[in-house]
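The values are calculated or read from the model by the stated rules, or taken from the named source; none is laboratory data. A quick note: this is a predicted structure, and the numbers were derived from the prediction, not measured. Positions of Cβ are generated from backbone atoms using ideal geometry, with glycine treated the same way; all protein chains shown enter the neighbour counts.
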Amino acid sequence: MTALHEAPPAQQKPDEAAPVRKNRFRRDRSLLLMVIPALVLLIVFNYVPMFGTATAFQRYSIYAGFWHSPWVGLETFRQLFSDSLFWSALGNTLLLSLVQLVFYFPIPIALALLLHSIMSSKVRTIVQSVVYLPHFFSWVLAVTIFQQMLGGAGALNQFLREHDLGTFDVMTNPDTFALLVTSQVIWKEAGWGIIVFLAALAAIDTQLYEAAAADGAGRWRRLWHITLPGIRGVIVLMLVLRLGNVLTVGFEQMLIQRGAVGRDAAEVLDTYAYFYGVVNANFSLGAAASLFKGVLSLLFLLAANKIAHLLGEDGLYRR
């Protein structure tokens, strides 16, 4: 007699779990070995330095060391919050982050959609290689290229002089610095940012496009009703991660151009912690500024993830 309902699978006994784990380890050991270097780097450069944030609550001295420097509680944070330069750096950081969020974040999505629509694999490979390439340039080289193109003696101004059209120097203008920095980020990182979106586009079932085309849906309707909903979860996830990293606008990029446009335009939280913490040997102040940045970034991340849940997406984790 056939049972109407199959019996649930028997739970694995504790003495049977060990061989299963051993078999899984043997199966995945090559992958685990590949992960070890990245795990070591993560621990050494991300988790070990977290112990140094305790210096934000000390009057830290490199001569006295961590164990013998006196504890001052929140005195360093009072000093930090009473510094007008800190609030100026925070304002510049938020402004640059907002401009980059508005103008940079949609660019990789648009490039991914464009590349996905190219039928020729050879053309797609060439375009991908070209847009990926600037990611591997250092910021020194990237800023130098912009200087040679848009600087006072750059190619653009040389052309304008030859035709008596006047000149302008974008590289030293503090009023347009936010747009300059964002354009540099777009040129350098947009190609690399499309990788995740291309992977998401590749996961969309092609039969959906075929069925929509058979029903008479044009390219734009297929884009709106199939493509964008298919990658919406990835877009929300990348937006959440971006908001969690919103206070990091590029230390090296700012440091290189700080002297050209001035402190008032290019001072951000990272450069503030460097100049007034490391250079001036006020390590407690630099640690306090970095800790404030980390806590604020965490709050941005949690808020963005909560909004993602309200929109019906998983975000970083499911509810």
(message) Please pick out the residue among Phe275, Phe283 that is within 30 Å of Gly65 (Cβ to Cβ) and surrounded by fewer than 20 Cβ atoms within 10 Å (Cβ to Cβ).
(response) Phe275
(request) Exactly one condition in (1) under 15 Å from the mean Cα position of the chain (by Cα); (2) of a type outside the set (S, T, N, Q); (3) over 20 Å from Pro106 (Cβ atoms); (4) surrounded by fewer than 15 Cβ atoms within 10 Å (Cβ to Cβ) is not met by Ile195; state its number. (result) (3)
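One line per residue, one yes/no per condition, for (1) modelled with pLDDT under 90; (2) polar (S, T, N, Q):
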position	(1), (2)
Trp87	no, no
Ser97	no, yes
Gln100	no, yes
Leu115	yes, no
Ser120	yes, yes
Arg124	yes, no
(request) For Ala202, work out the one condition from (1) crowded, with 16+ Cβ neighbours inside 10 Å; (2) within 23 Å of Val130 (Cβ to Cβ) it doesn't fulfil. (result) (1)
(message) Which numbered condition in (1) crowded, with 18+ Cβ neighbours inside 10 Å; (2) closer than 30 Å to Leu291 by Cβ; (3) of a type in the set (A, V, I, L, M) is the only one that Leu111 fails?
(response) (2)
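Counting only residues that are surrounded by 14 or more Cβ atoms within 10 Å (Cβ to Cβ) and part of a helix (DSSP H, G or I), which one in the stretch 122-141 is nearest to the chain's Cα centre (by Cα)?
His135
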(message) Exactly one condition in (1) farther than 30 Å from Glu75 by Cα; (2) part of a helix (DSSP H, G or I) is false for Gly315; which is it?
(response) (2)
(message) Which numbered condition in (1) more than 27 Å from Phe137 (Cα to Cα); (2) crowded, with 16+ Cβ neighbours inside 10 Å; (3) aromatic (Phe, Trp, Tyr) is the only one that Trp224 fails?
(response) (2)
(request) Could you run through the stretch 118-132 and say how many residues are free of Cβ contacts under 8 Å to residues at least 60 places away in the same chain and under 20 Å from Val181 (Cβ atoms)? (result) 0
(message) Let me spell it out: the conditions are (1) touching a helix residue (DSSP H, G or I) at 6+ places or on another chain (Cβ under 7 Å); (2) more than 18 Å from Phe275 (Cβ to Cβ), and Ala56 meets all of them except one. Which number is the exception?
(response) (2)
(message) So in the stretch 61-94, with the set limited to residues that are among the aliphatic types (A, V, I, L, M) and over 30 Å from the mean Cα position of the chain (by Cα), which one is surrounded by the fewest Cβ atoms within 10 Å (Cβ to Cβ)?
(response) Ile62
(message) I want to confirm something. Restricting to the stretch 142-186 and keeping residues that are among the hydroxyl-bearing types (Ser, Thr, Tyr) and surrounded by fewer than 15 Cβ atoms within 10 Å (Cβ to Cβ), which single residue is modelled with the lowest pLDDT?
(response) Thr167
(message) Against the condition closer than 18 Å to Lys188 by Cβ, surrounded by fewer than 18 Cβ atoms within 10 Å (Cβ to Cβ) and not β-branched (Val, Ile, Thr), how does Phe105 come out, does it pass?
(response) yes
(request) Would you point out the residue of the stretch 273-319, among those that are hydroxyl-bearing (Ser, Thr, Tyr) and under 20 Å from the mean Cα position of the chain (by Cα), that is nearest to Ile231 (Cα to Cα)? (result) Tyr317
(request) Considering only the stretch 236-260, state which residues are more than 24 Å from Leu296 (Cβ to Cβ) and at pLDDT below 90. (result) Gly259, Ala260
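Results for (1) on the phi > 0 side of the Ramachandran plot; (2) in contact (Cβ under 8 Å) with a residue 40 or more places away in the chain, shown as yes or no for each residue.
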position	(1), (2)
Thr172	no, yes
Ala178	no, yes
Gly216	yes, no
Gly230	no, no
Val236	no, yes
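For the stretch 264-291, which positions are out of contact with any helix residue (DSSP H, G or I) (no Cβ under 8 Å at 6 or more places or on another chain) and either of a type in the set (Phe, Trp, Tyr) or not in a loop (DSSP other than H, G, I, E, B) (or both)?
Phe275, Val279
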